[in-house]
């Protein structure tokens, strides 16, 4: 979907969004037409192998560039699982962006494909999402992946089998600062 140059621009935009919190400057928004589509986007921050923040939108309500600006700052300063990012940590973080496809209902007898699919579950008692790279990083099999998305939603491990549950799969274009383009 995106060229190496476009990926670098989006990653630089995410970093500028976070840095502007510490250095008060106006963020330059790239004018590339490819960045105006409305897609679900997640911005993840890591220090080493440890997650340091991750915030996203499942459905695209804003252009990708606007989402990245908002979500990078949110991942750095408003992820409720972490303290706000500090200025010394700014140089240590690795930024990763995931641009999501549309959600596709997972058939009752279908299993997610590890390394390709992310999962999203909606249930009357909770909802949760795991990006495609999570199952690969943790070396989960499809059954474990389904159980873990339930856990993420605060549900029982078998909630995906509940008739009231709606499970969706999606793909994502994932790229980060540690990647070589």
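See the values below:
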| read-out | value |
| --- | --- |
| Qualifying positions in segment 1-36 - exposed (fewer than 14 other Cβ atoms within 10 Å of the Cβ) and in contact with a strand residue (DSSP E or B) (Cβ under 8 Å, 6 or more places away or on another chain) | 1, 36 |
| Test result for residue 81, at pLDDT 95 or above and in a loop (DSSP other than H, G, I, E, B) | yes |
| Answer from 127, 107 - the residue that is over 20 Å from residue 7 (Cα atoms) and at pLDDT below 95 | 107 |
| Pick from segment 125-161, criterion buried (at least 16 other Cβ atoms within 10 Å of the Cβ) and in a loop (DSSP other than H, G, I, E, B), ranking: farthest from the chain's Cα centre (by Cα) | 155 |
| Every residue from segment 37-48 that is crowded, with 17+ Cβ neighbours inside 10 Å, touching a helix residue (DSSP H, G or I) at 6+ places or on another chain (Cβ under 8 Å) and not in a loop (DSSP other than H, G, I, E, B) | 41, 42, 43, 44, 45 |
| Unique residue being in a helix (DSSP H, G or I), in contact (Cβ under 8 Å) with a residue 40 or more places away in the chain and over 16 Å from residue 58 (Cα atoms) when the list is 89, 164 | 89 |
| Residue satisfying condition, being closer than 23 Å to residue 138 by Cα and modelled with pLDDT of 95 or more, within set 68, 64, 95, 18 | 95 |
| Among the residues listed as 100, 90, the single one being surrounded by 18 or more Cβ atoms within 10 Å (Cβ to Cβ) and under 26 Å from residue 9 (Cβ atoms) | 100 |
| Filtered residue count, segment 110-139, keeping only those that are over 14 Å from residue 169 (Cβ atoms) and touching a helix residue (DSSP H, G or I) at 6+ places or on another chain (Cβ under 7 Å) | 1 |
| Yes/no for residue 60 being outside the structural domain of residue 134 (by TED's automatic domain parsing), closer than 30 Å to residue 166 by Cα, touching a helix residue (DSSP H, G or I) at 6+ places or on another chain (Cβ under 9 Å) and not in a strand (DSSP E or B) | yes |
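The values are calculated or read from the model by the stated rules, or taken from the named source; none is laboratory data. Source: prediction; values computed, not measured. Cβ coordinates were reconstructed from backbone atoms using ideal geometry, including for glycine residues, and neighbour counts include every protein chain displayed.
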